[in-house]
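K.L.:
Handing you this structure, nothing more for now.
The values are calculated or read from the model by the stated rules, or taken from the named source; none is laboratory data. Since the model is a prediction, treat every value here as computed from it, not as a measurement. Note that each Cβ is placed from the backbone with ideal geometry, even for glycine, and that neighbours are counted across all protein chains shown.
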Amino acid sequence: MIRGNLIHLYRATLLSGASLLVGCAHYQAQPLNLPASAKLLASRTLTDTDLQQRLQESGAGVPVNGWTRAQLLVAAAERNPKLLAARARVQEASAATKTARALPNPTITLGSEYDLSQASESPWLWSISTDWLLDVGLRRRIREQLADTQLQAARVDYAEALWTVRNELRSALLNYLLNDQRRVVLTRAVADQERLLALQKQRISLGEAATGEASLVELELARARSNMMDNTRSQAAALTQIAQSIGVPLDAVRHLSFNWDDLMHVTEVDDVRLDNLRDAALLSRADLERAVLDYQSRELELRQAVRQQYPQLSVGPGYTWDHGIKKATLGVAFSLPLFNRNQGPIAEAEARRAAAGEQVLAVQAQALNEIASTRDAYQVSVQALQAVLQQSEAADALVQQATLSLSLGDTDQIGVITAKMNSDTQSLAVLDAIERMQQSLGQLEDSLRTPLSGSELALGKSALLNPFSADPPTK
C-alpha cells in the first residue's frame, strides 16, 4: 500500500511536469548564410511595391520629378542595415520587458529518508516540498520600471540613428547636386580655355604675342581639366555615399534623378521660431533624452540596491509521509544581514547616479552652445553668399560689356573669353558659397534635431521614428 501511494505520488509529479513542458518554446536554429545575404543585398532596389506603399503611408509620396530628400530618408529607414540593427535592438528591449514582468517559477523537491531504528515497519520516509519566491511589491515594480526605461532608451537610440543617417544623406545629396552644377561650369571653363589657347597660338604664329603667353594658357587649361576630373570623382563618391546611406547597391541609384527644390535658395527662419525650437531642443533633443533615461535607470538601480538590503522571503509548503502519519509542512526562508547591509552596491549606485546627473547637464550645455554657434554660423554664411552673388552679377555685367565692345570693335575675342572665364570663376565661387550655406543650415538643423526646410517637413515624425511602423523589409 505504501509503495502504491508512492508510485501514485511520483506519477502525479511526472505528469504535472510533462504538462508544463507542453507549453514550452522550441529552439529553432537560424544559421547565418553569408552567400544568401550577399545576394540579397546586391539585389535590393528602390522600385518594389512594399517601398512604394511605405512612401505613400509616410506622406513623402512616390517620386515624380526625381527623388526628394524625404523619399530618400523613408527608403533609408526601410533599407539601411544600421537602422535595421537599431530596430532589432528595440525588439530586444521589448522582449526584456516580458522577462521583467514574468513571475519566478517555484521549485519542487522530492526527498526520502531511511530510518535505521525501524525494524518491523518500512524504514523509508517520503516527502515532497516546494519553494515559492515572494516576488511582489517594490522590488518587482522597480525591475519592471527599469526594463521599461531601457525600452524607451532603445527607441531614442533608433531615433538618433535615423537622424544620423538623415544627415549623411543630406550631405551626400548636397555634394552630388552641387558637383553636377559645377560640372556644367567646369565644362564651359575648359571650352573657354581651349578657345583661348587656340587664339593665343594664332597670335603667336602672326608674331603678335610671345611664346610664353601660350604656355600660361596651357597651364590654366591643364588645371581646369584636373579640376573637372576631381569634380567627377567627388560626384561619384557622393553617389556611392547616397547608396550606402539608403542601404542599396550603387547600381540601384546610378540612374536616379534627384530633386532638391530649395537647394539654391536661402532658408528664412525667423528668430521667434528659432527660439521656440531651441527651447524644445534643450528639453527633448534625442541625445539629451538618452542622458535623462540613463539617469532614470541609475535612479532605479539605486532604489533596487537599497531594496536589496532587506531580506527577500520565500515560502515552502510541503508534504511528508512518516510511517503512516501524513504531515503538512511550511517553511520560510530569508537571508540574514549579519555581515553587511548591501552598503557597497548602494554606494556604487549612488556614484553612478551622480555621474549620470552630471552627464545630463553636460549634454544640455553642449546642446545650448551648439545651437547658438550654428545659428550665428548660418547667418554669417548667408551674408557671405549675398556678397558672392553681388560679385557674380558684376562679373556677368563685364561679360555683357565685353560682348558689346566686341560688336563695336573696341576689343577682341580674347577679351570676351577672358571676361567669360572670370564669370565662370565667380559662378564656382557662388556654388562654393551655397555649399557652405547649406552645410551651415544642416549643422543648425542637427543642433535642433529637426529639419527647417524641404520635403522632410511633410513627413509624419511619429510614423517615421516608430521602429515598428513597418515590418523589416525582406527585399
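K.L.:
Take Q401 and decide whether it is at pLDDT 95 or above, in a helix (DSSP H, G or I), in contact with a helix residue (DSSP H, G or I) (Cβ under 9 Å, 6 or more places away or on another chain) and not aliphatic (A, V, I, L, M). It would help to see each step written out before you state the result.
P.N.:
Values: at pLDDT 95 or above: no; in a helix (DSSP H, G or I): yes; in contact with a helix residue (DSSP H, G or I) (Cβ under 9 Å, 6 or more places away or on another chain): yes; not aliphatic (A, V, I, L, M): yes.
It is false that Q401 is at pLDDT 95 or above, in a helix (DSSP H, G or I), in contact with a helix residue (DSSP H, G or I) (Cβ under 9 Å, 6 or more places away or on another chain) and not aliphatic (A, V, I, L, M).
K.L.:
Then there's this: Select, from A76, A96, A86, A100, the only residue that is in contact with a Ser or Thr (Cβ under 7 Å, 6 or more places away or on another chain) and surrounded by 14 or more Cβ atoms within 10 Å (Cβ to Cβ). Reasoning before the result, please.
P.N.:
Working: A96 fails: in contact with a Ser or Thr (Cβ under 7 Å, 6 or more places away or on another chain); A86 fails: in contact with a Ser or Thr (Cβ under 7 Å, 6 or more places away or on another chain); A100 fails: in contact with a Ser or Thr (Cβ under 7 Å, 6 or more places away or on another chain).
After applying the criteria, what remains is A76.
For (1) without any contact (Cβ under 8 Å) to a residue 24 or more places away in the chain; (2) β-branched (V, I, T); (3) surrounded by 15 or more Cβ atoms within 10 Å (Cβ to Cβ); (4) not in a helix (DSSP H, G or I), each residue gets a yes or a no:
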{"site": "L336", "(1), (2), (3), (4)": "no, no, no, yes"}
{"site": "F339", "(1), (2), (3), (4)": "yes, no, no, yes"}
{"site": "G344", "(1), (2), (3), (4)": "yes, no, no, no"}
{"site": "E348", "(1), (2), (3), (4)": "no, no, no, no"}
{"site": "V360", "(1), (2), (3), (4)": "no, yes, yes, no"}
{"site": "Q390", "(1), (2), (3), (4)": "yes, no, no, no"}
{"site": "S405", "(1), (2), (3), (4)": "yes, no, yes, no"}
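K.L.:
Turning to a different aspect of this structure: Return yes or no: is A237 loosely packed, with under 15 Cβ neighbours inside 10 Å and either in contact with a helix residue (DSSP H, G or I) (Cβ under 6 Å, 6 or more places away or on another chain) or farther than 27 Å from V156 by Cα (or both)?
P.N.:
Against the criterion (loosely packed, with under 15 Cβ neighbours inside 10 Å and either in contact with a helix residue (DSSP H, G or I) (Cβ under 6 Å, 6 or more places away or on another chain) or farther than 27 Å from V156 by Cα (or both)), A237 qualifies.
K.L.:
Let me ask something additional. Could you check the stretch 48-67 and list, in sequence order, the residues that are within 18 Å of N80 (Cα to Cα) and of a type outside the set (D, E, K, R)? Walk me through how you get there before you give the answer.
P.N.:
Looking only at the stretch 48-67, we keep the residues that are within 18 Å of N80 (Cα to Cα), and these are 48-55, 58, 60, 67.
Across the stretch 48-67, the qualifying residues are T49, L51, Q52, Q53, L55, S58, A60, W67.
K.L.:
Further question on the same structure: Out of the stretch 245-288, which residues are without any contact (Cβ under 8 Å) to a residue 60 or more places away in the chain and either among the charged types (D, E, K, R) or more than 20 Å from R449 (Cα to Cα) (or both)?
P.N.:
L250, D251, R254, H255, H265, E268, D270, D271, R273, D275, D279
K.L.:
Any chance the stretch 177-186 includes a residue that's buried (at least 18 other Cβ atoms within 10 Å of the Cβ), of a type in the set (V, I, T) and either under 30 Å from Q241 (Cβ atoms) or modelled with pLDDT under 80 (or both)?
P.N.:
Scanning the stretch 177-186 turns up at least one residue that is buried (at least 18 other Cβ atoms within 10 Å of the Cβ), of a type in the set (V, I, T) and either under 30 Å from Q241 (Cβ atoms) or modelled with pLDDT under 80 (or both).
K.L.:
For the stretch 199-213, which positions are over 17 Å from V416 (Cα atoms), of a type in the set (S, T, N, Q) and either within 60 Å of the chain's Cα centre (by Cα) or at pLDDT 75 or above (or both)?
P.N.:
Result: T211, single match.
K.L.:
Another question, if that's okay. Among the residues in the stretch 47-54, are any closer than 20 Å to V165 by Cβ and crowded, with 18+ Cβ neighbours inside 10 Å?
P.N.:
So far as the stretch 47-54 goes, yes, one or more of its residues are closer than 20 Å to V165 by Cβ and crowded, with 18+ Cβ neighbours inside 10 Å.
K.L.:
Taking the stretch 300-326 as the region of interest, how many residues are closer than 19 Å to E113 by Cα, touching a residue at least 12 places away in the same chain (Cβ under 8 Å) and among the charged types (D, E, K, R)?
P.N.:
1
K.L.:
Turning to a different aspect of this structure: Report whether or not D287 is loosely packed, with under 13 Cβ neighbours inside 10 Å and among the charged types (D, E, K, R). Can you show your working first?
P.N.:
Numbers: loosely packed, with under 13 Cβ neighbours inside 10 Å: no; among the charged types (D, E, K, R): yes.
Judged against the criteria, D287 is not a match.
K.L.:
Tally time: how many residues in the stretch 278-332 are over 21 Å from the mean Cα position of the chain (by Cα) and in a helix (DSSP H, G or I)?
P.N.:
Within the stretch 278-332, the first condition is being over 21 Å from the mean Cα position of the chain (by Cα), and the residues that meet it are 278-279, 295-332.
Then drop every residue that is not in a helix (DSSP H, G or I), which leaves 278-279, 295-307.
Result for the stretch 278-332: 15.
K.L.:
Restricting attention to the stretch 429-447, does a residue exist that is assigned to a helix (DSSP H, G or I), over 30 Å from W163 (Cβ atoms) and modelled with pLDDT of 85 or more? Full working, then the answer.
P.N.:
So the first thing to find is which residues in the stretch 429-447 are assigned to a helix (DSSP H, G or I), and the list is 429-447.
Narrowing further to those that are over 30 Å from W163 (Cβ atoms): 429.
Adding the requirement that they be modelled with pLDDT of 85 or more leaves 429.
Yes, the stretch 429-447 contains at least one residue that is assigned to a helix (DSSP H, G or I), over 30 Å from W163 (Cβ atoms) and modelled with pLDDT of 85 or more.
K.L.:
Pairs only if they're at least six apart or on different chains, beta carbon under 6 angstrom, first in the stretch 170-182 and touching a residue at least 40 places away in the same chain (Cβ under 8 Å), second surrounded by 22 or more Cβ atoms within 10 Å (Cβ to Cβ) and not aliphatic (A, V, I, L, M); list them, first residue then second.
P.N.:
L174/Q438
K.L.:
Let me ask something additional. Output the residues belonging to the stretch 60-96 that are small (G, A, S) and either over 16 Å from V248 (Cβ atoms) or not in a helix (DSSP H, G or I) (or both).
P.N.:
Initially, the stretch 60-96 is screened for residues small (G, A, S), giving 60-61, 66, 70, 75-77, 85-86, 88, 93-96.
Passing the criteria: A60, G61, G66, A70, A85, A86, A88, A93, S94, A95, A96.
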